[in-house]
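Trainee: One structure follows; several queries about it will come next.
Derivation of every value follows stated rules applied to the coordinates shown; laboratory data play no part. Worth saying up front: this structure is predicted, and the values here are computed from it rather than measured. Here Cβ is always computed from backbone atoms with ideal geometry, including for glycine, and neighbour counts include all displayed protein chains.
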Amino acid sequence: MKQAWKEHWEKYLLILPFAVLFIVFTAIPVLASIVISFTSFNMLEFPKFVGFSNYINLMVNDDVFLIAVKNTLLFALITGPVSYLMCFVFSWLINELSPKIRAFMTLVFYAPSISGNAYLIWKLIFSSDMYGYANSWLLRLGFADEPILWFDKKEYVLPILILVQLWLSLGVSFLAFIAGLQNVDKTLYEAGSIDGIRNRWQELWFITLPSMKPQLMFGAVMQITSSLSVSQISIELAGFPSVSYAGHTILTHLHDYGFVRYEMGYASAIAAILFFIMVFTNIIVQKALRRVGA
């Protein structure tokens, strides 16, 4: 370590600010949360060690948590792969445009993910009265006889949340893919045509994707994180709690116990389970992506 420090001290010095921030605001809180998950802690009394009681209660006695796990995994299995594919396809298509049009279209697709009024738009679309856009068109076209109470019927809640999440999904991963496409060495395409590549699909598989592995990995991590950590969409659109817990996710369950009931030990156990689900999913996806173009 001493020899490495002598040879690369400038690099270590440059990463020191980030390393300090990461340790203080990410690593230590994660470790503290895992420790607190083995306690009963209401923020007023000193934590009491309870062992695995919080985890046992979650898995055995908490029916709402099991509903939240089912909703979260179903939500992630649909929105994760679909949004990841959408990010790449749209970035690939936009990359073929001229620079000015490409910049404009990038802004158009990226804007919903940073819009503060995104939920307001969807509230107007799926308003439960006849003035909501969805109900208005269904009544006008004769597909419904009366306004549909979209968020009062559990069969509609999760599909609407999935639709909204997909609309919001062209975010950081989308920008990363565009940056990756811009940085692919153009001479590789010329070399590929000499080596026998004859169409765009072969270029994509043998040149573009292998050249974008860092961006593909980053995009996968971001999409997995966003699809497994959905809460604000459910709270804003379906209410808290949603009807029959149809839009309840692991993170909204954590919000309930952490910020409403202040049962921090139980909330930390929920957070720990979500954390390990994310880690496990990321490991699987990273192994799959390493095979791309191999």
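Trainee: Under the definition of Cα pairs under 8 Å and six or more residues apart, what whole-number percent is the relative contact order of the chain?
Mentor: It rounds to 28 percent for the chain.
Trainee: On to the next question. Starting from a Cα-only point model with no solvent, please compute log10 I(q)/I(0) by Debye for the chain at q = 0.11 1/Å.
Mentor: One equal scatterer on each Cα of the chain leads to -0.87.
Trainee: Then there's this: Longest exposed-loop-site-free stretch of the chain, with chymotrypsin sites (Phe, Trp or Tyr not before Pro), DSSP loop and at most 13 other Cβ within 10 Å?
Mentor: 144-261
Trainee: While we're looking at this one, here's another question. Give me THR106, THR249 sorted ascending by neighbouring Cβ count inside 10 Å, so fewest comes first.
Mentor: Arranged by neighbour count, lowest to highest, THR106, THR249 become THR106, THR249.
Trainee: So what does the Cα-only Debye profile of the range 189-294 read at q = 0.17, 0.22 Å⁻¹, as log10 I(q)/I(0), no solvent term?
Mentor: Normalising to I(0) and taking log10 leaves -0.84, -1.10.
Trainee: Within a 10 angstrom radius of the beta carbon, how do MET130, MET1 rank from fewest other beta carbons to most?
Mentor: Going from least to most buried by this count: MET1, MET130.
Trainee: Give the range of the longest stretch in the chain that excludes all GluC sites (Glu not before Pro) found in loop regions by DSSP and having at most 13 other beta-carbon atoms within 10 Å. Please list the in-between numbers first.
Mentor: On the way: sites that count: GLU45, GLU96.
That would be 97-294.
Trainee: Got a sec? How would LEU97, LEU138 order by Cβ neighbour count within 10 Å, fewest to most?
Mentor: Numbers: LEU97 13, LEU138 17.
Ordered by Cβ neighbours within 10 Å, fewest first: LEU97, LEU138.
Trainee: Rounded, prolate or oblate: which one fits the range 1-122, using the alpha carbon gyration tensor with axes a ≥ b ≥ c (rounded when a/c is under 1.5, else prolate when a/b beats b/c, else oblate)?
Mentor: Oblate.
Trainee: Looking at the chain, which longest stretch skips every one of the trypsin sites (Lys or Arg not before Pro) that is in a DSSP loop with at most 12 other Cβ atoms within 10 Å, leaving the sites themselves out? Don't jump to the answer; show the numbers that get you there.
Mentor: Working: sites that count: ARG198, ARG261, ARG290, ARG291.
Result for the longest clean stretch: 1-197.
Trainee: Need one word for the range 100-183: rounded, prolate or oblate. Basis is the Cα gyration tensor (sqrt eigenvalues a ≥ b ≥ c); a/c below 1.5 gives rounded, then a/b vs b/c decides.
Mentor: Values: a/c = 3.17, a/b = 2.46, b/c = 1.29.
Note, shape of the range 100-183 comes out prolate.
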